[in-house]
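Single-structure report; data block below.
The values are calculated or read from the model by the stated rules, or taken from the named source; none is laboratory data. Values in this document were obtained by computation on a predicted structure and should not be read as measured data. Virtual Cβ from ideal backbone geometry, glycine too; neighbours counted across all protein chains shown. Just so you know, the surface numbers come from the protein's heavy atoms only, side chains and all, with ligands and any DNA or RNA stripped out. Shrake-Rupley method; radii C 1.70, N 1.55, O 1.52, S 1.80 Å.
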Amino acid sequence: VQLQASGGGLVQAGGSLRLSCKASGINFRLHTVGWYRQAPGKERELVATISSDGNTNYIDSVKGRFTVSRDNVWRSVYLQMTSLKPEDTAVYYCHVLFRGRHYWGQGTLVTVSS
């Protein structure tokens, strides 16, 4: 199983970014995918999830600003981030739990300047 995350970058506060996570080696459409982030000096936290049938969940701090979606044909999950804040600065990871093992993308850095 491999997860390839991309789309991070530097953006000003109030701006937008779209992260992508492409999966291989897994029957992608059957699995919940999560987006996590880890800010400097902080623990990794779950930001959003999308289940196999498209149900989504978000942490309170990103509700109304972030949207997670998936395209099973392209085996990809996306995190559309709008109204970005400096506190959103972190390395973002996509994640899948498959057969009892945790798989992570390599991380993509999002930096939001004030």
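Scanning the stretch 68-109 for residues that are under 14 Å from VAL11 (Cα atoms), open to solvent by 60 Å² or more (accessible area, probe 1.4 Å) and in a strand (DSSP E or B) yields GLN80, LEU109.
Total residues in the stretch 1-26 satisfying the condition of being within 18 Å of GLY107 (Cα to Cα) and part of a strand (DSSP E or B): the figure is 16. Taking the listed residues ARG37, ARG29, the one that is of a type outside the set (Gly, Ala, Ser), at pLDDT below 95 and not in a loop (DSSP other than H, G, I, E, B) is ARG29, with no other qualifying.
Taking first residues from the stretch 101-114 that are more than 14 Å from VAL77 (Cα to Cα) and partners that are of a type in the set (S, T, N, Q) and not in a strand (DSSP E or B), the Cβ contacts under 8 Å between residues at least 6 apart in sequence or on separate chains come to VAL110/THR89; THR111/THR89; VAL112/THR89. Here GLY64 passes the criteria (1) open to solvent by 50 Å² or more (accessible area, probe 1.4 Å); (2) touching a residue at least 24 places away in the same chain (Cβ under 8 Å); (3) not in a strand (DSSP E or B) except the one numbered (2). Residues satisfying the criterion are present in the stretch 40-47 (criterion: aliphatic (A, V, I, L, M) and touching a helix residue (DSSP H, G or I) at 6+ places or on another chain (Cβ under 7 Å)).
Of all residues in the stretch 11-26, those satisfying the criterion of being open to solvent by 50 Å² or more (accessible area, probe 1.4 Å) and modelled with pLDDT of 95 or more are GLN12, ALA13, GLY14, SER16, ARG18, LYS22.
ASN57 falls short on exactly one of the conditions (1) free of Cβ contacts under 8 Å to residues at least 60 places away in the same chain; (2) more than 25 Å from SER113 (Cα to Cα); (3) in contact with a Phe, Trp or Tyr (Cβ under 8 Å, 6 or more places away or on another chain); (4) of a type outside the set (Val, Ile, Thr), and that condition is (3). Right, VAL33: among the aliphatic types (A, V, I, L, M), touching a His at 6+ places or on another chain (Cβ under 8 Å) and touching a residue at least 24 places away in the same chain (Cβ under 8 Å) or not? In short, yes.
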